[in-house]
1. About its Cα centre, what dipole magnitude does the range 297-379 give when the only charges are +1 on Lys and Arg Cβ and -1 on Asp and Glu Cβ, stated in debye to the nearest 20?
2. For the range 85-239, what is the largest minus smallest coordinate of the Cα atoms on each principal axis, given in angstrom and ordered from greatest to least?
3. log₁₀ I(q)/I(0) of the range 7-82 at q = 0.14, 0.15, 0.18, 0.25 Å⁻¹, via Debye over equal Cα point scatterers, no solvent, to two decimals?
4. So how much slack lies between residue 118 and residue 252, counting 0.36 nm per residue of separation and subtracting their Cα-Cα distance, in nm?
5. Within a Cβ distance under 14 Å of residue 226, other residues only, what is the Lys/Arg minus Asp/Glu net charge?
6. For the range 85-239, what does the relative contact order come out to in percent, with C-alpha contacts under 8 Å and a separation of six or more?
7. Sequence gap at least 6, Cα distance under 8 Å: using those rules, report the relative contact order of the chain to the nearest whole percent.
8. Counting helices only, and only those DSSP H runs with n ≥ 4, report the 222 nm mean residue ellipticity of the chain as the sum of -39,500 (n - 2.57) divided by its residues, in deg cm²/dmol to the nearest 500.
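Please treat every number below as a calculation from the coordinates, not as lab data. Because the structure is predicted, anything quoted here is derived from the model rather than measured. Methodologically, a virtual Cβ is constructed for each residue, glycine included, from the backbone with ideal geometry; neighbour enumeration extends over all protein chains shown.
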Amino acid sequence: MRSMKYVILHAGGMADAPRQELAGATPLQAASTPNLDRITQTGELGLLMLPESSRYGSGWTGTAILGYEPKKHYQGPGPLEAVSLGVAVGEHDVVYRCTMVTLKGEPHSSSKTGNEFKKLGPQLVMDDATAGLITTAEARELIDAVNEQLGSEVIQFYPGSGHRHLMVWVNGKPRAVCMDPQSLVGRPLGDALPSGDGADMLRKLMDASLLILRGHPLNDERIEAGNKPANCLWLWGEGRAVVWPSLTERFRVSGAVVSSSDVHRGLGMMAGLGNGTDGENLAAADWRTQARRALEQLRAKDFAYIHLELPDEVVYGTEVKAKLRAIEDIDREYIGPFVEGLNALGPYRLLIVCDPGTAQDKVLPGQWFYAYYDSSQKSESPTKRRFTEADAQSSPLPQRDATKFVVRLFSKSA
């Protein structure tokens, strides 16, 4: 008899609000998703309840769904990315997410580019929190330039991917209040700069990055090509390294994490899971390769935590139909082949978790939900419900505590 396989599939960024461009439907409602719907119709659909937070993001969701209390274990994206990237962090060091952003002069300023300013302040506006979706290769050149001038025994910058990078402050102060740049887009920086204990150091580094980056030849080339410059490093998402109890030891299973996201690879690795990408840099939209890699891991292991990340241009873009197409691509190129492969491996339990992906100030109705299917259980008569926010909201089931679902997943009974 073949052993049970366990899967958590975290669909980050699929959930959304009703959109006028889609006649009041959400992208999930408007998309054709027969494979996700089939799982929903023969399994269980409902809402997830998350521990309270001032900022709900995909990392918070992932921590909870793996069975950890986020308030205790989730320190922000920085420490998780450090684990994924293999950056050594001491017990008293503080890791910061170091995001490349585009700043510009506020509307009443004589400077539209912000190049005349030497310090951050209310005269500057957060124009783009992804620096125009800067490429990893371009960003590495800029990070190297910053580290060459600002790096020391106390401060080190490390390249990540795209606009997301890291800074480690050796024996640093973790109590500064820092803001997610995505929440600041279109706003002046006056009340958005780091504050509190340690903020002076952070502001000095951010001011210095402004001076280094605004005159870098690569940014001149980007402007000439019609792209936005990466003219500042924004420090936030800070935390110290925290040791997590092992999920694999708790439930006595072997497991791996498969994701193109540094944050979610770090989440899985902190939980004791192996890195299922083996150093391969999975492209966010290469769904078939990701599905194949996940199935390879499940042939050898009991459990896989899979995070599917919509491409940045979809998550941060304004084209709603691009998101709809991306959802349909995932359903066709990932969910379909993956479930077919799972069926060939034997009995399995599959938990699919959906969230908005980008950080939110509050849990919006219906946007954190799940579908659960146990192949060893006799299915009830298929329903007509779909894998959508509205159908999850109308489920007769009570909200499920996100931190407790993993116990059910690995339980001896259903």
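1. With Lys and Arg at +1 and Asp and Glu at -1, about 340 debye.
2. Computed over the range 85-239, the largest-to-smallest principal extents equal 45, 32, 24 Å.
3. With no solvent term, the Cα-only Debye profile gives -0.63, -0.71, -0.93, -1.21.
4. Extending this stretch completely gives an extra 42.7 nm.
5. Values: positive: 222, 228; negative: 128, 220, 221, 224.
Around residue 226, the charge tally is -2.
6. Over the range 85-239, the number comes to 34 percent.
7. Details: 881 pairs, mean separation 134.4, N = 414.
That works out to 32 percent.
8. On the way: 16 runs with 137 residues, N = 414.
Calculated mean residue ellipticity at 222 nm is -9000 deg cm²/dmol.
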